[in-house]
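Encoded as structure tokens, the structure appears first; notes follow it.
The values are calculated or read from the model by the stated rules, or taken from the named source; none is laboratory data. Model, not experiment: these values are computed from the prediction. Every residue, glycine among them, receives a Cβ derived from its backbone with ideal geometry; neighbour counts consider all protein chains shown.
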Amino acid sequence: MTTTEDHRSNPRVGNVDMKLEVVTVPVTDLDRAKAFYARLGWRLDADFVLGGVRAIQFTPAGSGCSIHFSTNDPAAPPGSAQRLFLIVSDIDAARDELAGRGVKVGEVYHLTPDGRASGPAPDRGTYNSYAAFNDPDGNGWLLQEVTTRLPGRIDPGATTFASANDLASALRRAAAAHGEYEKRIGEADENWPDWYAQYMVSEQAGTELPA
């Protein structure tokens, strides 16, 4: 019998990457689901028959995880997939894009100690601005704005951006913060590229931002 202590003493255990690759979304009609998710602008990776079963895979823009569809599964009826989080760097831009594609998206909201309130978080606090939408079967997706990761949530040795839009958003936030920095020091900062770089790395890692 293997104990928890045995696992801790074995340096190989717990060091194997386990990357979430695919989640399954239960739907009624494969072609209707395919048309809806294609309208979102997500990448169609596969649509083929294997072992008598049709397999369809989509991947959201910038995502490392994809989705498959399932039908006729009594354990997972259509519409039973809920609170599937889609992380975005700009909640307003993400919502506007989906609405522009003809998707019915709820208004942006944030959470307060007293419950839900309209609009994005007043301080644009990371993790606290949301907007929701459903697919034709009622499966629920939730946009969540994340600009700064909590410490420990990402590899501190790597700074990556999932898309050009995410990088552009990070640059705009760095530019705004740097403008405030120049006001404080009372002069133009010739070393702004290093300042931008430090700000963007610190923001993503969840460490202290340059002052």
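Any idea how many residues of the stretch 62-91 are at pLDDT 95 or above and at positive phi?
The qualifying residues number 2.
Return the residues of the stretch 165-211 that are over 25 Å from the mean Cα position of the chain (by Cα) and assigned to a helix (DSSP H, G or I); say none if nothing qualifies.
Hits for the stretch 165-211 are His178, Gly179, Glu180, Tyr181, Glu182, Lys183, Arg184, Ile185, Trp192, Pro193, Asp194, Trp195.
Specify which of the listed residues (Thr4, Thr59) is among the β-branched types (Val, Ile, Thr), modelled with pLDDT of 95 or more and more than 18 Å from Gly138 (Cβ to Cβ).
Thr59
Every residue, every condition in (1) in the same structural domain as Phe85 (by TED's automatic domain parsing); (2) over 17 Å from Phe85 (Cα atoms); (3) in contact with a helix residue (DSSP H, G or I) (Cβ under 7 Å, 6 or more places away or on another chain), yes or no:
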| site | (1), (2), (3) |
| --- | --- |
| Gly106 | yes, no, no |
| Tyr109 | yes, no, no |
| Arg116 | yes, yes, no |
| Ala132 | yes, no, no |
| Asp135 | yes, no, yes |
| Gly186 | no, yes, no |
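Quick one: how many residues across the stretch 37-51 are out of contact with any strand residue (DSSP E or B) (no Cβ under 7 Å at 6 or more places or on another chain), surrounded by 10 or more Cβ atoms within 10 Å (Cβ to Cβ) and over 15 Å from Arg101 (Cα atoms)?
Pass one, the stretch 37-51, residues out of contact with any strand residue (DSSP E or B) (no Cβ under 7 Å at 6 or more places or on another chain): 39-41, 49-51.
Next, only the ones that are surrounded by 10 or more Cβ atoms within 10 Å (Cβ to Cβ) stay: 39-41.
Still in the running and over 15 Å from Arg101 (Cα atoms): none.
Looking only at that region, the number is 0.
Take Gly102 and tell me if it is farther than 16 Å from Thr148 by Cα and either of a type in the set (Val, Ile, Thr) or in a loop (DSSP other than H, G, I, E, B) (or both).
yes
Any residue at all in the stretch 72-88 that is in a loop (DSSP other than H, G, I, E, B) and either under 14 Å from the mean Cα position of the chain (by Cα) or among the hydroxyl-bearing types (Ser, Thr, Tyr) (or both)?
Within the stretch 72-88, one or more residues are in a loop (DSSP other than H, G, I, E, B) and either under 14 Å from the mean Cα position of the chain (by Cα) or among the hydroxyl-bearing types (Ser, Thr, Tyr) (or both).
Which residues, taken from the stretch 114-135, are loosely packed, with under 14 Cβ neighbours inside 10 Å, outside any strand (DSSP E or B) and at negative phi?
Across the stretch 114-135, the qualifying residues are Asp114, Pro122, Asp123.
Please verify whether the stretch 106-113 includes one or more residues that are within 30 Å of Val27 (Cβ to Cβ), without any contact (Cβ under 8 Å) to a residue 12 or more places away in the chain and not in a loop (DSSP other than H, G, I, E, B).
Initial filter on the stretch 106-113 (within 30 Å of Val27 (Cβ to Cβ)): 106-109, 111.
Subsequent filtering for residues that are without any contact (Cβ under 8 Å) to a residue 12 or more places away in the chain retains none.
Scanning the stretch 106-113, I find no residue that is within 30 Å of Val27 (Cβ to Cβ), without any contact (Cβ under 8 Å) to a residue 12 or more places away in the chain and not in a loop (DSSP other than H, G, I, E, B), so the answer is no.
Exactly one of these conditions fails for Ala162: (1) in a loop (DSSP other than H, G, I, E, B); (2) closer than 22 Å to Ala61 by Cβ; (3) at pLDDT 90 or above. Give me its number.
(3)
Among the residues of the stretch 84-100, are any closer than 30 Å to Gly52 by Cα and either surrounded by 12 or more Cβ atoms within 10 Å (Cβ to Cβ) or touching a strand residue (DSSP E or B) at 6+ places or on another chain (Cβ under 6 Å) (or both)?
Going residue by residue through the stretch 84-100, those that are closer than 30 Å to Gly52 by Cα are 84.
In the following step, the residues that additionally are either surrounded by 12 or more Cβ atoms within 10 Å (Cβ to Cβ) or touching a strand residue (DSSP E or B) at 6+ places or on another chain (Cβ under 6 Å) (or both) were identified as 84.
Yes; the residues of the stretch 84-100 include at least one that is closer than 30 Å to Gly52 by Cα and either surrounded by 12 or more Cβ atoms within 10 Å (Cβ to Cβ) or touching a strand residue (DSSP E or B) at 6+ places or on another chain (Cβ under 6 Å) (or both).
So, Leu142, is that one among the aliphatic types (A, V, I, L, M), surrounded by fewer than 16 Cβ atoms within 10 Å (Cβ to Cβ) and at pLDDT 85 or above or not?
yes
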